[in-house]
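Novice: Below is the structure I would like to discuss, written out as structure tokens.
The values are calculated or read from the model by the stated rules, or taken from the named source; none is laboratory data. If you're wondering where the values come from, they're calculated on a predicted model, not measured in any experiment. Cβ atoms come from the backbone with ideal geometry, glycine included; neighbour counts cover every protein chain shown. Note: areas computed on protein heavy atoms with side chains; ligands, DNA, RNA excluded. Shrake-Rupley method; radii C 1.70, N 1.55, O 1.52, S 1.80 Å.
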Amino acid sequence: MKTLIVYGSRYGCTQRCAGLLEARLAGEVTLHNVSESDEVDLDQFEQVVIGTPIYMGRILPQVSRFCQQHHDQLLQKPLAVFVCCGFPDKAEAQLHSAFSQELLAHARFKDTFGYALNFEKMSFLDRLIVRMVSKEKSSQSRIDEDKINALAALMNEK
Ligand SMILES: Cc1cc2nc3c(=O)[nH]c(=O)nc-3n(C[C@H](O)[C@H](O)[C@H](O)COP(=O)(O)O)c2cc1C
């Protein structure tokens, strides 16, 4: 089975989740960072995973563009989507603002994989926003490996 994991990531959490998933998947897996290139031939892959972080209630514009550009092709393949976000209680709403209704209805897995806050890497403005909104002051990682395992198990099913 050839799998494509498409992701965007500003500070590395979504990239790490994509890597953790890759390590758990059987078959040939290709990681595609949408910030590095727009070009990918979906015809080469049998199933697709899309991962994105949420910033200010929105997904990364590059991921959004990828979904728009490849919308019809994505509807033709087994699809899973995940988001990294600091407010899991808003995950459902954020998934719906992130992906089209058609893509969400088509996806056989849609969930959050947790989040990380990396103050060392963050821009001044992003640090300020996080401190104002969440009162968090130190870097932390709350990646939910059980959910990554659950998606891997689903995708590895014959
Ligand atoms: C400036 C800023 C804004 C954020 N806005 C949201 C938000 O609106 N909703 C949310 O659930 N998480 C929000 N987060 C948390 C990120 O989604 C979380 O840190 C995620 O793991 C980042 O992934 P990345 O390292 O792959 O970019 C925000 C984080 C920052 C730094």
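Novice: Pick out the one residue from GLY27, GLY57 that is exposed (fewer than 15 other Cβ atoms within 10 Å of the Cβ) and either at pLDDT below 95 or closer than 30 Å to ARG127 by Cβ (or both).
Specialist: From the options GLY27, GLY57, the qualifying one is GLY57.
Novice: Among residues belonging to the stretch 30-48 that are open to solvent by less than 10 Å² (accessible area, probe 1.4 Å) and either free of Cβ contacts under 8 Å to residues at least 60 places away in the same chain or within 26 Å of SER139 (Cβ to Cβ) (or both), point out the one that is farthest from the ligand (Cβ to nearest atom).
Specialist: Here the residue is LEU42.
Novice: Could we say that THR3 is surrounded by 18 or more Cβ atoms within 10 Å (Cβ to Cβ) and either polar (S, T, N, Q) or farther than 15 Å from ALA153 by Cα (or both) here?
Specialist: So THR3 fits the description; yes.
Novice: Which of (1) at pLDDT below 95; (2) within 10 Å of the ligand (Cβ to nearest atom) is the odd one out, the single condition GLN68 does not satisfy?
Specialist: Among (1) at pLDDT below 95; (2) within 10 Å of the ligand (Cβ to nearest atom), GLN68 violates only (2).
Novice: Can you tell me which residues in the stretch 87-113 are among the basic types (Lys, Arg) and either over 14 Å from THR52 (Cα atoms) or touching a Lys or Arg at 6+ places or on another chain (Cβ under 9 Å) (or both)?
Specialist: LYS90, ARG108
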